[in-house]
Amino acid sequence: MITIKTTEEIAILREGGRRLAEILQKLVEASCPGVSDFELDVLAEELILACGGKPAFKGYRIKETRVAFPASICVSINDEVVHGIPRKNRILKDGDIVGIDIGMQWPNQELRTKNLELRNIRGMYTDMAVTIGVGKISAEAERLIQTTRSALDVGIRTVRPGAHVGDIGCAVEEVLKREKLGIIRDLAGHGVGHDLHEEPLIPNYGMRGAGVELKEGMVIAIEPMATLGGWRIKLDRDEWTIRTADRSLAAHFEHTLVVTKSGAEILTK
Ligand code: MF3
Ligand code: CO
């Protein structure tokens, strides 16, 4: 079901999203050579809990049968596209490109102390990701990162009531194709808010005018994923880490946004 969020729900998402963006900025600043991604995960969880939120990824299962995600952030290094698992022995090094993906459940401030369960208010989810270079990275890696970021911006600019999900995909695809990047086809953006993943899916390719029509109050996460090689991916034995099949470098950016009267408001900024 595609839900339209109320003004009150959007206010909660806005506050949660703003805090999430602040936390991700701190993680980016902490991402120096020699730091483990496990340390980044510990910091992320501390910061989320300290501000009164709840990590959205920890314990999350995509299907009932799959293993629960064990951390508060996904850290995806070099040929890892998304869903990399932080580990104590994974140390960031000069020249790495690192995707940091983070989600938070944020309760209404007033209701936080009162009868949360009784009123069945679980808080609202926001989701975002960036890819950064550690130390000095190659010109090709830099081009991959800049283009993927710009594909997200261009995708967001197509959002307004009456536009279609295919308009977003088409715009993202155009930017990535122009730079001859691989476009991940088997993963997509998504609706978000009451849950981490809601309908509709937001693919990073598509046709203008095709797919679900956007309406004021819809909340979606747009997340282009691109590679310096092909589009094919494979799942690691840990059942989470998704990497490029050809081991080429991959980048990922994501924002949560709400469809407004005249366009889009980025909630994770
Ligand atoms: N941004 C990612 C996504 O939308 C976060 C999911 S990680 C998980 O797929 F652990 F929660 F699955
Ligand atoms: Co997402």
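The values are calculated or read from the model by the stated rules, or taken from the named source; none is laboratory data. These numbers were taken from a predicted model, which means no experiment stands behind them. For neighbour counting, all protein chains shown are included, and Cβ atoms are generated from backbone atoms with ideal geometry for every residue, glycine included. Note: areas computed on protein heavy atoms with side chains; ligands, DNA, RNA excluded. Shrake-Rupley method; radii C 1.70, N 1.55, O 1.52, S 1.80 Å.
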Distance (nanometres) between label positions extended 7 Å along Cα→Cβ at GLU199 and GLU216: 2.4 nm
Three-way shape call for the stretch 123-191 based on the alpha-carbon gyration tensor, with the a/c threshold at 1.5: oblate
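How compact is the stretch 63-216 by the rule of thumb for globular proteins, expressed as Cα Rg over 2.2 N^0.38 Å?
In units of the 2.2 N^0.38 Å rule of thumb, it is 1.21.
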Bins of 5 Å from zero: percent of alpha-carbon pairs in the stretch 7-266: 1, 6, 13, 18, 19, 18, 13, 7, 3, 1, 0
Percent accessible area from carbon and sulfur atoms, the stretch 7-266, protein chains only, probe 1.4 Å: 52 percent
Per-peptide average of other Cβ atoms within 10 Å, ordering 240-252, 69-81 highest first: 69-81, 240-252
Residues of the chain: accessible area per residue with a 1.4 Å probe, Å²: 46 Å²
Extension gain, ARG18 back to ALA139 (0.36 nm per residue minus Cα-Cα distance, nm): 40.4 nm
Listed residue pairs exceeding 30 Å between alpha carbons, taken from LYS5/LYS63; LYS88/LYS234; LYS5/LYS269; LYS234/LYS261; LYS180/LYS261: LYS234/LYS261; LYS180/LYS261
